[in-house]
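Have a look at the structure below, then the notes.
A short reminder: the numbers here are calculations on the coordinates, not readings from a lab. In this text, all values refer to a predicted model and were calculated from it rather than measured experimentally. Don't worry about glycine lacking a Cβ; one is built from the backbone with ideal geometry, like all the others, and counts go over all protein chains shown.
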Amino acid sequence: MVFIRSLIFFLLQCMLTTLYGLIAILTFPFPPLIRYRIISGWALIILWLLRVLCNIRLEVRGAENIPQEPCIVLCKHQSAWETIALQKVFPPQVWVLKRELLWIPFFGWGLAMTSPIAIRRSNGREAVKQLLQQGKERLRQGFCVVIFPEGTRVPYGQRGKYKAGGALLAASSGAPTVPVAHNAGKLWGRKAFLKHPGVITMSIGAPIAAQGLTTEEINQRVETWIENEMQRLP
């Protein structure tokens, strides 16, 4: 039954992504925030399909910690689920991602219309420069900036090395940093086809003010909070 439900979800997801890829292209004349609000409808429908077809539900803890002003969201990365759910939980946002994702037909086209910060990881110093420059610009436009500090999806129960890009942007811009933990990998694993029923808990930590902190201190506080919170999640 899990396989059949996952298959139906996958087919509908492909159809919906193709449709929204075309819709996204048509939003080109609109300002970035309006484009985002239209395109992010895709994520809301996907979450609805997950609940109806796969019986995967969302529980949010700490929603009161989301700042009123644009912030930097540093989130645990375990599956594709969090890239979808963050769009429902947080205000309008852009993501820091690898440039190659924009080349994927339909999905990448839609992604390109959401004003992402698309970097080439192998570029090193230039990628950091781009993150700082475009990250500050997106914050000024009213977007939150979502960064996965581990850089890649890490299997549930494991931890990756926390890179300092998000903390560097926080220290440079002065924007608050919000750490996010979740246990999505238990139900929708890294690169997994099967989606198992259950409740995914997303926990949002109190904002970390950048003032008076070094990049290393911000990064360490984020990592400590996320990894400790992972131990408390059901």
**Study point:** Phi-based couplings in Hz for region 183-195 (Karplus 6.51, -1.76, 1.60; Gly and Pro marked x)
**Key:** 10, 4, x, 5, 9, 10, x, 4, 6, 8, 7, 6, 10
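Could you give the semi-axes, largest first, of the ellipsoid that matches region 95-142, computed as the square roots of 5 times the alpha carbon gyration tensor eigenvalues and rounded to whole Å? Don't skip to the end; give the middle numbers.
Values: eigenvalues 71, 48, 4 Å².
Working from the Cα gyration tensor, I get semi-axes of 19, 15, 5 Å.
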Study note, to complete from the structure: Taking a ≥ b ≥ c as the square roots of the Cα gyration tensor eigenvalues, with a/c under 1.5 meaning rounded and otherwise prolate when a/b beats b/c or oblate if not, the chain comes out oblate
Exercise for review: Please compute the Cα-Cα pair-distance distribution of region 1-128 with 10 Å bins starting at 0, giving whole percents from short to long.
Suggested key: 11, 38, 36, 14, 1
Review point. For region 2-232, with only Lys/Arg (+1) and Asp/Glu (-1) charged at the beta-carbon, what is the dipole magnitude about the Cα centre, in debye rounded to 20?
Key: 520
Revision key, fill the gap. If one builds a Gaussian network model of the chain from Cα atoms under 10 Å apart, the most fluctuating residue listed among M113, M15, M202 is M15
Practice item. Give me the lysines in straight-line cross-link reach of K161: C-alpha distance below 26 Å, same-chain residues under 8 apart excluded. Key: K76, K98, K129, K136, K186, K191
Review point. So who's got an amide H within less than 5 Å of the one on C71, skipping anything under 5 residues away but keeping other chains? H placed 1.01 Å off N, in plane.
Key: C144, V145
**Study point:** GNM top mover of P179, P116, P105 - the chain, alpha-carbon springs below 10 Å
**Key:** P105
Study note, to complete from the structure: Of all DSSP beta bridges having both residues in region 2-232, the percent classed as antiparallel (nearest 5) is 15
Point to revise | Zone of L11's modelled label, taken as backbone nitrogen in region 49-91 under 19 Å from a point 7 Å along Cα→Cβ | key: 49-55
Exercise for review: Can you pull the one-decimal nm distance between simple spin-label points at A80 and A43, each 7 Å off the Cα toward Cβ?
Suggested key: 1.5
**Study point:** Label point distance in nm, I34-I4, each placed 7 Å from Cα along Cα→Cβ
**Key:** 4.5
Check your understanding: Counting pairs of alpha carbon atoms under 8 Å apart in space and at least six apart in sequence, what relative contact order in percent does the chain give?
Key -> 27
